[in-house]
Amino acid sequence: MSKGIKIVTIGGGSSYTPELIEGFIKRYDELPVRELWLVDIEAGKEKLEIVGNLAKRMVAKAGVPMEIHLTLDRREALKGADFVTTQFRVGLLDARAKDERIPLKYNVIGQETNGPGGLFKGLRTIPIILDICKDIEELCPNAWLINFTNPAGMVTEAVLRHSNIKKVVGLCNVPIGMRMGIAKALKVEPERVHVDFAGLNHMVYGLNVYLDGVSVMDQVIEAMADPENAMTMKNISGLSWEPDFIKGVGVIPCGYHRYYYKTGEMLEEEHEKAAAEGTRAEVVQALEKDLFELYKDPNLDIKPPQLEKRGGAYYSDAACNLINSIYNDKRDIQPVNTRNNGAIASIEDDSAVEVNCIITKEGPKPIAVGDLPVAVRGLVQQIKSFERVAAEAAVTGDYKKAVLALTINPLVQSDKLAKQIVDEMLEAHKEHLPQFFKKVEA
Ligand code: G6P
């Protein structure tokens, strides 16, 4: 890697790409990205060109010798890559809108990565990521796969269990956002705050918080119980926590936990929002339209601040810090999705977990936390079962497994309901779920 790094970004036409470019520019001195290949599919061609041209302008303005390549040929791009990042959305935002709208008809949470929406996003995504894994094996076997594609936990689980790729890390911006939110509540700089993260993707808890090396957990729990500090992200309602619950549970939940601990209120809000302004995907569709209009401006050569209206804040920090630490063997601590290897005692060793790791050139080394507190252990295990069964359904196209996965999911209250939702969503997403519609040979 001494001659500089080759990075391939699959789903390069994403509106988030300028985040990534900004991150690589900022770190160029220690992370010399020589080639960045942005890859997309035919349907994303126009977006790829717009975003790619903005990327080229950003790099030119920064004066760094990073070549930006745009292509629809994934295999061509992958040859000899050092890192492959994935950030694609099968079926684009239209598919996400269906994931959000259809469950609501059944009075069930409709969300990008949780409940039926999460299941179907996984069913659409996993076969594609496994195809990418095969290409990586053949064309750049030494590359690290850094996955951002949601549902990131389920996708990491699928890669670990159903591909030959071992060098995979799943990434999310939620832990960074939590650390920032905690620092804000403590009124200190985030650099002084350390959080012991453990759990699963979008189901991660802060088990302990340290300020300058001293535990301040009691103070943070107290702060989180105050509605003023209800941490959330742009895409999730900031409904405040019941103070007695937060004080009782004794760990810090992430924004997504609201779907599980406040299901009724979140559902009510989703219904209201869907009727008033549209579901999150529909809001994001409008936001994206505006963003791409901005990106087209030939005078724009920085990441526009409007991108901050999306939920992916700090996404570039998460990705670039991880790549930087692997490349430079920094051995710093970052929360990532990786093979558990015994770090969380209540989860199988070979399952994907989101946990603090020491990031080395050989990859993330998870830091042991022992058992999760009994108050949260059951939910985490239940979601892990959901993720595993869902990944199996995605790989095999086994209808029964899809129904089972959704029945296990705590956001769906009955097997009959699960089946009804699966039936309607399979039909709605038919074109992206060929594994469920295989013709039986006569
Ligand atoms: C957060 C989550 C991501 C998710 C995003 C949605 O960043 O961690 O996994 O994709 O929010 O944001 P959006 O603006 O698309 O609703």
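The numbers here are math on the coordinates, done by the rules we state, and not lab data. Because the structure is predicted, anything quoted here is derived from the model rather than measured. FYI the Cβ positions are ideal-geometry reconstructions off the backbone, even for glycines, and counts take in every protein chain you see.
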Quote the FRET efficiency, to the nearest 0.05, computed for N341 versus E67 with a Förster distance R0 of 35 Å and r equal to the Cβ-Cβ distance.
-> 0.40
Normalised per residue, the volume inside the convex hull of the alpha-carbon atoms of the stretch 322-442 in Å³ amounts to 150
Working note, the stretch 269-379: Cα radius of gyration (Å, one decimal) and Dmax (Å, whole number) are 19.7, 55
To the nearest 0.05, the calculated FRET efficiency linking E76 and K247 through their beta-carbon distance, R0 being 60 Å, is 0.60
Efficiency of FRET between M180 and K439 - r from beta-carbon atoms, R0 51 angstrom, step 0.05 = 0.50
Taking 0.36 nm per intervening residue step and subtracting the Cα-Cα distance, what contour gain separates Y261 from K416 on full extension?
-> 53.5 nm
Diffing the stretch 335-345: the Karplus 3J(HN,Hα) column from phi (6.51, -1.76, 1.60, θ = phi - 60°), in whole Hz with x for Gly and Pro, holds x, 9, 8, 8, 5, 4, 6, x, 5, 10, 4
Mean projected area (nm²) of the alpha-carbon convex hull when the stretch 385-441 is viewed from all directions = 3.9
Convert each backbone phi in the stretch 83-92 into a coupling constant with the Karplus relation 6.51 cos²θ - 1.76 cosθ + 1.60 (shift: θ = phi - 60°), then list the ³J(HN,Hα) values in order as whole Hz, x for Gly and Pro.
-> 9, 10, 9, 10, 8, 9, 9, 5, x, 6
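Neighbouring Cβ atoms within 10 Å as the yardstick, rank Y314, Y295 fewest first. Working shown, then result.
Numbers: Y314 19, Y295 25.
The order, fewest Cβ neighbours first, is Y314, Y295.
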Only helices counted: for the chain, with every DSSP H run of 4 or more residues adding -39500 (n - 2.57) and the sum spread over all residues, [θ] at 222 nm is -14500 deg cm²/dmol
If we count trypsin sites (Lys or Arg not before Pro) as exposed when they sit in a DSSP loop and have at most 14 other beta carbons within 10 Å, what is the longest stretch of the chain that avoids them all?
-> 188-330
Surpassing 18 Å at the alpha-carbon level, of the pairs K56/K309; K56/K167; K400/K438, are K56/K309; K56/K167
Between E427 and K45, what is the label-to-label distance in nm when each label sits 7 Å out along the Cα-to-Cβ direction?
-> 3.4
Could you name the aspartates and glutamates in cross-link range of K439, using Cα to Cα under 19 Å and dropping any fewer than eight places away on the same chain?
-> D398, D423, E427, E431
Sequence-separation-based contact order of the chain, relative, with Cα cut under 8 Å and 6+ spacing, percent | 18
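Pulled fully out, how much extra length does the chain show between R34 and N53, if you take 0.36 nm times their separation in residues and subtract their Cα-Cα distance?
Here the answer is 5.1 nm.
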Where GluC sites (Glu not before Pro) fall in DSSP loop in the stretch 1-88, at most 11 other Cβ within 10 Å | E30
Ranked list, fewest to most other Cβ atoms within 10 Å of each Cβ, for H432, H257 | H432, H257
Just the number, please: Stokes-Einstein D of the chain in µm²/s, Kirkwood Rh from C-alpha pairs, 25 °C, 0.890 mPa s.
-> 111
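Give the dimensionless ratio obtained when the Cα radius of gyration of the stretch 180-310 is divided by 2.2 N^0.38 Å.
Here the Cα radius of gyration is 1.26 times the empirical estimate.
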